[in-house]
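Each remark here refers to the structure printed beneath this line.
The values are calculated or read from the model by the stated rules, or taken from the named source; none is laboratory data. Just so you know, these numbers come straight off a predicted model, no measurement behind them. We place every Cβ from the backbone using ideal geometry, glycine too, and count neighbours over all the protein chains shown.
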Amino acid sequence: MDTSILSSLLVLLQLICVIIVVAYLLTRSRIFPEILDGHPTFKTQVILILLFGALSIYGTLSGIDFLGARINVRDLGPMLAGLLAGPWVGLGAGLIGAAHRLTLGGFTVYSCSIATVFAGLFGGLIWLHQKRKFAGTTIAVLFAILMEGFHMALTLAVCQPLDQAIAVVSMVSLPMILANAAGMFVFASMVENIQNERKMQAERDTLMREIERKNTELAIAAEIQQSFLPDTIAQIEGYEIVGKSVMAKEVGGDFFDVIPLEVLPLGKDQIGIMIADVSGKGIPAALFMALSRIVVRVNATWYGRRPAAAIRDANTIISNDSKSGMFVTLFYGYLDSGSRTLTYVNAGHNPPIHYRALDGTLAELAATGIAMGVLDNAEYTQETVQLNQGDILILYTDGITEAENAKQEMFDLERLEKVILASHNLPAKEMSTEILNAVREFCGEYPQSDDITLMIIRSL
């Protein structure tokens, strides 16, 4: 490359740096967001015309004289003005730059002045074509190259003498094209970065609003679900009953219930006991839990002393309504304080543990049918267990026995039985606290992965 061309390019790049600094300050101003939105106010348009018009003048004054012409970056200001804010702003900046160029004279005065006006106008037309948005780096750089090419062609077409015009074009075309393209590339990159920042910020804002909305919905769902659980647990003579649920998330699929049966001619010494665990977690499990609870509760109240029939019909309804493959394990029975018996159905649930005070041993109330929601024609049988004075029945979900610590060890059934034997002399509420504390201490800081529900029925 010729030394004079190289030195000219270096000078132009220095000019570009000043223009880019000014343009960068513009991108950080408070008026730039409205420019990016494609709706600059009249005041903003006037500011841009004056600013980029002044930069066009600067690009001329700081240029290099050569054979009666000037090697410059005059067109960059109007091009940027048009690409940013439309044809009127580009044309205004171009007219300012062109008017100044006319005052300098020279045999290229008309071609240079006309090119500067067209630089702003064409930039504005591109802005309109891009639906009042900045065109992007690729289009902007190509526009700068083609615009300077047009400038050179215009010089050859209108300037005389032709041999002098050819000499000027051969000398100035490469540095002017490269310098304007380089300046346009840097500025366009800055604008695209700002657009990306705005887009990411908008996405973050949308995401935060969505998270806030979901958190609000979850809080409402948790409040509704909490209302399903008994605020106060109904008691019957001769028994102490407590229950507690600890959800792994805001909402979950575990639930327990105590169902008064005095609306039936059974007397006030019978009560329904229910604990259940829906497959899955979160909102889907909570919705399925709500359906299951209502269906079982209605059927339990209707069938009274026949829990097997209640669960059979409830299963049919739940199976027909379950389209997602979800199911629920459930233990339901009615407690009769007169006969001191519990007649129950275990629909695939963790077998409750029966502490027998007579000999201090533990027994399990095994399943009498499959989980509800699996088969619509499933059959269930009922069993009866005697609850003598001092006996304790511990009903729980697998969130207790499958609770894990940091070593991926499970709390398991054996540990639960040890806590039961160690705390069997305590009142039901204190015994419940001992069990939950033991699970919590075993897990330590390891996060709870499943819902935990516990019921204790102590025969007094």
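Is there a residue being hydroxyl-bearing (Ser, Thr, Tyr) and within 16 Å of THR397 (Cβ to Cβ) anywhere in the stretch 361-375? Looking for residues that are hydroxyl-bearing (Ser, Thr, Tyr) and within 16 Å of THR397 (Cβ to Cβ), one finds none in the stretch 361-375, hence no.
For the stretch 426-441, name all the residues that are assigned to a loop (DSSP other than H, G, I, E, B) and not aliphatic (A, V, I, L, M).
Step one: of the stretch 426-441, the residues assigned to a loop (DSSP other than H, G, I, E, B) are 426-427.
The answer is PRO427, and nothing else.
Among the residues examined, LYS199 does not qualify as outside any helix (DSSP H, G or I), of a type outside the set (Val, Ile, Thr) and under 26 Å from ILE20 (Cα atoms). Among the residues making up the stretch 303-343, those that are hydroxyl-bearing (Ser, Thr, Tyr) and either surrounded by fewer than 21 Cβ atoms within 10 Å (Cβ to Cβ) or more than 19 Å from ASN377 (Cα to Cα) (or both) are TYR303, THR316, SER319, SER322, SER324, TYR334, SER337, SER339, THR341, THR343. The residues on offer are ALA157, ALA202, and the sole one that is of a type in the set (Gly, Ala, Ser), free of Cβ contacts under 8 Å to residues at least 24 places away in the same chain and farther than 21 Å from TYR58 by Cβ is ALA202.
Would you be able to tell me the number of residues in the stretch 128-145 that are without any contact (Cβ under 8 Å) to a residue 24 or more places away in the chain and surrounded by 13 or more Cβ atoms within 10 Å (Cβ to Cβ)?
Step one: list which residues in the stretch 128-145 are without any contact (Cβ under 8 Å) to a residue 24 or more places away in the chain, which gives 129-130, 138-139, 142.
If we keep only those that are surrounded by 13 or more Cβ atoms within 10 Å (Cβ to Cβ) too, we end up with 130, 139, 142.
Of the residues in the stretch 128-145, 3 are without any contact (Cβ under 8 Å) to a residue 24 or more places away in the chain and surrounded by 13 or more Cβ atoms within 10 Å (Cβ to Cβ).
One residue stands out in the stretch 173-214 among those that are out of contact with any Leu (no Cβ under 8 Å at 6 or more places or on another chain) and of a type in the set (S, T, N, Q): the one that is surrounded by the most Cβ atoms within 10 Å (Cβ to Cβ), namely SER173.
May I ask you to say which residue of GLY92, GLY77, GLY120 is within 22 Å of PHE32 (Cβ to Cβ) and in contact with an Asp or Glu (Cβ under 9 Å, 6 or more places away or on another chain)? It would help to see each step written out before you state the result.
On the way: GLY92 fails: in contact with an Asp or Glu (Cβ under 9 Å, 6 or more places away or on another chain); GLY77 fails: in contact with an Asp or Glu (Cβ under 9 Å, 6 or more places away or on another chain).
Matching residue, one of GLY92, GLY77, GLY120: GLY120.
Let's see how each residue does on (1) at negative phi; (2) under 45 Å from the mean Cα position of the chain (by Cα); (3) not assigned by TED's automatic domain parsing to the domain that holds VAL419:
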position: VAL296; (1), (2), (3): yes, yes, no
position: GLY304; (1), (2), (3): no, no, no
position: ARG312; (1), (2), (3): yes, yes, no
position: THR341; (1), (2), (3): yes, no, no
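Could you list all residues from the stretch 436-460 that are among the hydrophobic types (A, V, I, L, M, F, W, C), surrounded by 17 or more Cβ atoms within 10 Å (Cβ to Cβ) and in contact (Cβ under 8 Å) with a residue 60 or more places away in the chain? Scanning the stretch 436-460 gives ILE452, LEU454, MET455, ILE456, ILE457.
Being surrounded by 15 or more Cβ atoms within 10 Å (Cβ to Cβ), within 42 Å of the chain's Cα centre (by Cα) and under 14 Å from ALA308 (Cα atoms) is the filter here, so list the residues in the stretch 368-384 that pass it. Can you show your working first?
First pass over the stretch 368-384, keeping only residues surrounded by 15 or more Cβ atoms within 10 Å (Cβ to Cβ): 368-374, 378, 380, 382-383.
Restricting the remaining residues to those that are within 42 Å of the chain's Cα centre (by Cα) gives 369-374, 378.
Result: GLY369, ILE370, ALA371, MET372, ALA378.
With over 49 Å from the mean Cα position of the chain (by Cα) and modelled with pLDDT of 80 or more as the only criterion, which of ILE57, ILE5 stands out? Just a single option satisfies the conditions, and that option is ILE57.
Answer with yes or no whether ILE394 is in contact (Cβ under 8 Å) with a residue 60 or more places away in the chain and closer than 15 Å to LEU454 by Cα. Walk me through it before giving the result.
On the way: in contact (Cβ under 8 Å) with a residue 60 or more places away in the chain: yes; closer than 15 Å to LEU454 by Cα: yes.
Considered against the rule, which asks whether it is in contact (Cβ under 8 Å) with a residue 60 or more places away in the chain and closer than 15 Å to LEU454 by Cα, ILE394 comes out as yes.
Candidates in the stretch 385-425 are the residues that are of a type in the set (Lys, Arg) and not in a loop (DSSP other than H, G, I, E, B); of these, the one that is surrounded by the fewest Cβ atoms within 10 Å (Cβ to Cβ) is LYS418. Of all the criteria given as (1) more than 24 Å from GLY97 (Cβ to Cβ); (2) in the same structural domain as ALA98 (by TED's automatic domain parsing); (3) part of a helix (DSSP H, G or I), the one not satisfied by VAL168 is (1).
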